[in-house]
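The structure under discussion appears below in the form of structure tokens.
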Amino acid sequence: QVQLVESGGGLVQDGGSLRLSCAASGRTFSNYDMGWFRQAAGKEREFLASITGGGATTYYADSVKGRFTISRDNAKNTVYLQMNRLKPEDTAVYYCAADQYHRFIYSPRGYDYWGQGTQVTVSS
């Protein structure tokens, strides 16, 4: 089992940047593929990006491709989401998640463990 804690959310202006972090504790972090999701008020949880355990392969949703970058530092047991050119429609609670079975399913059902989320608000 792995425990996940997100940080780095906050209020930013339209066009600004934020970097989210997700610290993991528990079993060997590099054994898990990691993903970032978000959930806006009244909407379903949306896949954003994923990264394999060793960090060699990443995948992005079209909605964030070219603006967001996922990365990880296995020595620090941490995965990051760098978010640039933020828009008001990016406002949501952002979650990191861990996949222990390497499913490569880009939806919430492909992940086993979740953090508590961090709020990102982009003002116009």
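The values are calculated or read from the model by the stated rules, or taken from the named source; none is laboratory data. Predicted model only: the values in this text are computed from it and were never measured. Positions of Cβ are backbone-derived with ideal geometry, glycine not excepted, and every protein chain shown enters the neighbour counts. Accessible surface is based on the protein model in full, side chains and every heavy atom, while ligands, DNA and RNA are left aside. Shrake-Rupley method; radii C 1.70, N 1.55, O 1.52, S 1.80 Å.
Here are a few things to note about the model shown:
- Cross-link partners of K43 among lysines (Cα-Cα below 22 Å; sequence separation of 8 or more within a chain): K65, K87
- Candidates per chymotrypsin sites (Phe, Trp or Tyr not before Pro) in the range 59-124, loop by DSSP, up to 12 other Cβ within 10 Å: Y101, F104
- In this view, the solvent-accessible surface of D62, computed with a 1.4 Å probe and all protein chains in place, comes to about 130 Å².
- In units of the rule-of-thumb radius 2.2 N^0.38 Å, the range 73-113 shows an alpha carbon radius of gyration of 1.44.
- Summed over the residues of the chain and divided among them, the accessible surface reaches 50 Å² per residue at a probe radius of 1.4 Å.
- For the range 16-86, a Kirkwood hydrodynamic radius built from all Cα pairs, placed in the Stokes-Einstein relation at 20 °C and 1.002 mPa s, yields a translational diffusion coefficient of 169 µm²/s.
- Overall dimensions of the chain, expressed as equivalent-ellipsoid semi-axes from the Cα gyration tensor (√(5λ), whole Å, largest first), are 23, 14, 13.
- Peptides 118-124, 20-26 ranked from most to least packed by the mean count of surrounding Cβ atoms within 10 Å: 20-26, 118-124.
- Carbon/sulfur fraction of accessible area - the chain, other protein chains in place, 1.4 Å, %: 46
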